[in-house]
């Protein structure tokens with residue numbers, strides 16, 4: 001989904017510290033369609049920082065390293081304000097994200113709920129096992145040889161989808177004024193909601209959520 005929609009530009013200040021980050025590494029922020037809002041941050045002493053204008057709250061991609069330079073990326077829900085990242089080069093997805101703004105606190109809280117759910121945690125462990133088994137042979141032959149694991153792993157997927165929907169519905173019910181609710185609806189519920197449920201959910205969105213890029217997409221019918 002492109003987040004490059006019309007809106008008031010907002011200032012984001014982003015600071016990152018990744019041990020093992022070498023000088024000259026490209027650190028770029030872009031939207032989901034790769035439109036860049038900051039060409040590259042200056043890297044110094046394992047850290048980087050940049051300040052840029054965003055068209056509004058929505059999903060953005062932080063890319064560290066270009067092709068051939070051990071690239072990695074991670075998707076964030078970002079808006080105006082101050083955001084910090086701390087972790088290790090090569091493990092960007094495990095880096096700790098923090099920020100004082102309401103949208104960031106809620107996004108991190110919902111992520112914490114997902115990370116600690118037993119079913120979603122099981123899927124993560126199984127995904128790690130998939131990689132480990134595949135590494136034994138350098139292909140998926142290593143994975144497919146463990147038929148018992150394949151059966152267990154396959155049975156987890158429908159449980160995961162149902163659990164994500166359930167957690168999203170619970171979040172909306174318990175946090176009706178959250179700034180991230182348009183994001184929750186778009187990512188987890190837009191295919192599950194009936195038209196009447198969608199209408200009721202959009203009517204309940206807070207002003208900040210309605211004015212986010214994802215909120216505008218939903219309100220204009222972008223399901």
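Residues in region 42-73 that are at pLDDT below 90, crowded, with 18+ Cβ neighbours inside 10 Å and within 18 Å of residue 19 (Cβ to Cβ): there are none. Residues that are under 18 Å from residue 10 (Cα atoms) and in a loop (DSSP other than H, G, I, E, B) within region 203-223 comprise 211, 212, listed in sequence order.
Of all residues in region 124-143, none satisfies being in contact with a helix residue (DSSP H, G or I) (Cβ under 9 Å, 6 or more places away or on another chain), at pLDDT 85 or above and surrounded by 16 or more Cβ atoms within 10 Å (Cβ to Cβ). Tally time: how many residues in region 17-34 are surrounded by 13 or more Cβ atoms within 10 Å (Cβ to Cβ) and either farther than 14 Å from residue 87 by Cα or not assigned by TED's automatic domain parsing to the domain that holds residue 71 (or both)? Number of matching residues: 8.
The values are calculated or read from the model by the stated rules, or taken from the named source; none is laboratory data. Just so you know, these numbers come straight off a predicted model, no measurement behind them. With ideal geometry, Cβ positions are generated from the backbone for all residues, glycine too; neighbour counts draw on all protein chains shown.
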